[in-house]
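The values are calculated or read from the model by the stated rules, or taken from the named source; none is laboratory data. In this text the structure is predicted, and so the values were computed from the model without any measurement. All Cβ positions, glycine included, derive from the backbone under ideal geometry; neighbour counts span all protein chains shown.
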Amino acid sequence: MSQVLIVIPTFNEKENIANLIGAIEKESLSVDILVVDDNSPDGTGKIVDKIIKEKKFVSIIHREKKEGLGRAYIAGFKWGMERGYKKFVSMDADFSHPVSAIPSLVELCDAKSLAIGSRYIKGGKIVGWNSKRFINSWGANLFTRTLLRLRAKDVTSGFKCFPIEFLKSIDLDAIQGSGYAFLVEMSLLAQEGGFKLRETPITFTDRVAGESKISGELKKSVKLVFKLAFGKKSYRQFAKFAVVGASCAVIDWGIFYLIKIILNKYAPDIDLQVARQISKAASFVVSASANYYLNRIWTFKSRDSAVVAQATKFFVVASIGLLFNSAIFYLVTALLGWRDILGLIVATGIVTIWNFFLNKKWTFKVK
Ligand code: GDD
Ligand code: MN
């Protein structure tokens, strides 16, 4: 028996699974393979049943029904833990994850670190995705990384290697993600448990045969990422920051209209455009100052005496954020064709997160 178990979940992979097993065998690595099949209607399980008669290093778990990638992995990891494997590789059945990278992935994985086959570090790349799929995946990765503050470049990669020390340290039954976000959750647990996330570059190639099952998973995964983020301490701070930001936006509008009304009444001769500019400038100064002050005393509880320097930084962050906001809005609406309201929400969301971290680390210097 080898020390390394490659766990491959399958759902309708009849064109791929035999070839993949063959390709792994050809590399003559010292690894065993476990296929976890969710009763694929296309007969993937039966194909593997035949293979295991000849190849002793291959095993299979047949599960009754499709329960998602995460559940399949949990079953696979438990199976391997009972049999004493030391390292566990997660891998797609569709050749997206290069067999040739298995040795470096396994090498990188040790008692204190989880290894990630990374598309987004130097040397890594993606072949065969159209720009839409790329932007979606890249965005999902950035969103996940930022929100969960994971210390790796490719946190949504499905190609990873887990040491037994980590698997033993967690409760696999308490994992919340049943689908694609499962591996993200595992990385977060590893980081919080003091394990390092180490990356090795891979070339991710889009599948040639069979179909991807990822569509429909996005919403579920985004929800889980939010849920995981809520569980983190820094989330409370972020929630305060967002509340302050939203309140100040309301203040901004309120003051804008108030000043406009006053000018209208007491200085009716003033040019309309000039009145609007005066109102806008005044409301901005008031609301941004309030925004800064509330974040200082409530969100970040800062005692730093250099208020002017701090406020200046806060204004700089806000101004850059405004530019980003327009850029993102333009990108998703004009280039990707999203609806305006969705673009607005996404742009504001991303910029709020961005502003939060900059202010936290740079303006208020919170550890
Ligand atoms: N047993 C089981 N049950 N296997 C499943 C299920 C399920 O419900 N859903 C998917 N799979 C298997 C597929 O057969 C494949 O071997 C692997 O899980 C990955 O599924 P794909 O459908 O090929 O995923 P993808 O290529 O679109 O998604 C890629 O990106 C994700 C996010 O970045 C993969 O690299 C994923 O691993 C990654 O999480
Ligand atoms: Mn795939």
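See the values below:
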read-out	value
Selection count where residues are crowded, with 21+ Cβ neighbours inside 10 Å and either more than 16 Å from ligand 2 (Cβ to nearest atom) or assigned to a helix (DSSP H, G or I) (or both), scope segment 75-94	6
Scan of segment 208-223 for residues that are within 11 Å of ligand 1 (Cβ to nearest atom), of a type outside the set (S, T, N, Q) and not in a helix (DSSP H, G or I), ordered by number	209, 210, 211, 213, 214, 216, 217
Set 215, 187: member being within 16 Å of ligand 2 (Cβ to nearest atom), closer than 30 Å to residue 44 by Cβ and of a type in the set (Gly, Ala, Ser)	215
Selection count where residues are under 29 Å from residue 170 (Cβ atoms) and assigned to a strand (DSSP E or B), scope segment 105-141	7
Selection from segment 142-151 of residues that are within 13 Å of ligand 1 (Cβ to nearest atom) and either in a loop (DSSP other than H, G, I, E, B) or surrounded by fewer than 19 Cβ atoms within 10 Å (Cβ to Cβ) (or both)	142
Count of residues meeting criterion [within 12 Å of ligand 1 (Cβ to nearest atom) and either touching a Cys at 6+ places or on another chain (Cβ under 6 Å) or closer than 20 Å to residue 199 by Cβ (or both)] in segment 90-100	6
Selection status of residue 236, assigned to a helix (DSSP H, G or I), among the basic types (Lys, Arg) and surrounded by 13 or more Cβ atoms within 10 Å (Cβ to Cβ)	no
Residue ID - surrounded by the most Cβ atoms within 10 Å (Cβ to Cβ), chosen from residues in segment 45-73 that are modelled with pLDDT of 95 or more and within 8 Å of ligand 1 (Cβ to nearest atom)	72
Criterion violated by residue 255 - all others in (1) within 11 Å of ligand 1 (Cβ to nearest atom); (2) surrounded by 14 or more Cβ atoms within 10 Å (Cβ to Cβ) satisfied	(1)
Subset of segment 155-198 (residues that are more than 14 Å from ligand 1 (Cβ to nearest atom), closer than 22 Å to residue 103 by Cβ and either not hydrophobic (A, V, I, L, M, F, W, C) or not assigned by TED's automatic domain parsing to the domain that holds residue 31 (or both))	163, 165, 196, 198
Residue in segment 111-121 that is surrounded by fewer than 20 Cβ atoms within 10 Å (Cβ to Cβ), closer than 30 Å to residue 328 by Cβ and either assigned by TED's automatic domain parsing to the domain that holds residue 351 or away from ligand 2 (no atom under 16 Å from the Cβ) (or both) present	yes
Test set (1) surrounded by 14 or more Cβ atoms within 10 Å (Cβ to Cβ); (2) in contact (Cβ under 8 Å) with a residue 24 or more places away in the chain; (3) not charged (D, E, K, R) - residue 30 fails condition number	(1)
